[in-house]
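Input: a single structure, listed below in structure tokens.
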């Protein structure tokens, strides 16, 4: 292939990857800011922990549903970057409206005579945060499918893992901005700026997404990345079909049916993601609590430990996992994911059984558990993209994603009840069982190929032939 084409391709590939990283990190600016500001909302507005927790739980479920819906939608639209920009803009507007809620008191009576939240304000903020959950679900699907369009399959694990670090970068930076700068220096009464400033940055990010991204290599005169991996289009009528939207939609439905819903590999990945997220959310959501209550650490040490586990796990863990997948496992992301899930389960067991008097070991094991769990957290989506191929990558990740976020019914409601009624030992025991079950399920696809492109080409030819035959029959009947 011409060196100029390769140079241009590499430029656009890295440009796309960097803008997607910035854009998705800014999604966290208008998502995790709420978690950081919750103590201020409780102190300044009198919103209870139960009410705040309910906001987060339902938001997580709506987010999973949104990723599922938008995963199917984004595979059918031409301008994928537009969906991402709309989602980020919508989240920014929602956070601005939440920040402005005290100024609306004269109209809606959101505050009582003492300046605390009324039932009306609770419903107002809760409703807006549910809307934000849906808007947030418009971020991951475009990123997923755009990377599958711009990055060849043999490099997807490494480069999507680089992108995946945007989760931790966004969460870490917004924590520094809101917690360390705004609330630390100006106090809880400055909580509104924890919504305004992230929202302004998010709006600038939406503008960058619209102006800086291209939806497909063909938009800048480049070939598809699969051609660089010798996955070449063999159907001579492909270009003509690209211009026939109705034809493409009918083919897409058949591809989704066969490459997603009737694909056992995708269902193994999806169910595994459910178990992976149970362990991830156990550490992320309950970490500060069980470190203080179960291991006797101070709240400052516990918070620092959770932050360290997020940084080490979110960045180093995912980057190492992506590199190892392409370097040692021939892009078979499911194999690295299995190693990560086993490692996380083992480290969680060691943390559970380490005496509270050995605080340093407790900290090391929980950080290592997070390090290992971020391997499958990042790679299962990559595996789904490669198995479903770029044609239905977002649809496949919609299925994988919704099962992941349905895990909040276990890690949230169930584990809260277990901890309250039976103690933390019961939580760790159940977590370990889920981890082992997930590992057994994932091991079933150990011998699976790295991607489904060869299978997809056969199915694509069959789907096009079936649609042509259906159209011919329809015309004959007419």
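Structure above, values below:
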item: Part-to-part distance (alpha-carbon centres) for the range 424-478 and the range 169-222, which is given in Å; result: 35 Å
item: Length gained when the stretch residue 471-residue 8 is fully extended (0.36 nm per residue, less Cα-Cα span); result: 162.7 nm
item: Whole-angstrom Cα spans of the chain along principal axes, big to small; result: 73, 55, 49
item: The chain: relative contact order in percent, alpha carbon pairs under 8 Å with at least 6 residues between; result: 24 percent
item: Computed helical MRE - 222 nm, the chain, DSSP H runs ≥ 4 contributing -39500 (n - 2.57), nearest 500; result: -24500 deg cm²/dmol
item: Cα-based helix-to-principal-axis angle, 264-293 vs the chain, degrees rounded to 10; result: 20 degrees
item: C-alpha long axis of helix 299-311 to longest principal axis of the chain, angle in °; result: 10 degrees
item: Computed FRET value (nearest 0.05) for residue 436 with residue 180, which takes r as the C-beta separation and R₀ as 35 Å; result: 0.35
item: Angstrom value of the Kirkwood radius, inverse mean 1/r, which spans all Cα pairs in the range 257-457; result: 17.1 Å
item: Cα centroid of the range 266-331 to Cα centroid of the range 112-146, whole Å; result: 25 Å
item: Helix axis angle, 33-45 relative to the chain longest principal axis, alpha carbon, degrees; result: 30 degrees
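Values in this text are rule-based calculations from the coordinates and carry no lab data. Owing to the predicted nature of the structure, the values given are computational and were not obtained by experimental measurement. Positions of Cβ are generated from backbone atoms using ideal geometry, with glycine treated the same way; all protein chains shown enter the neighbour counts.
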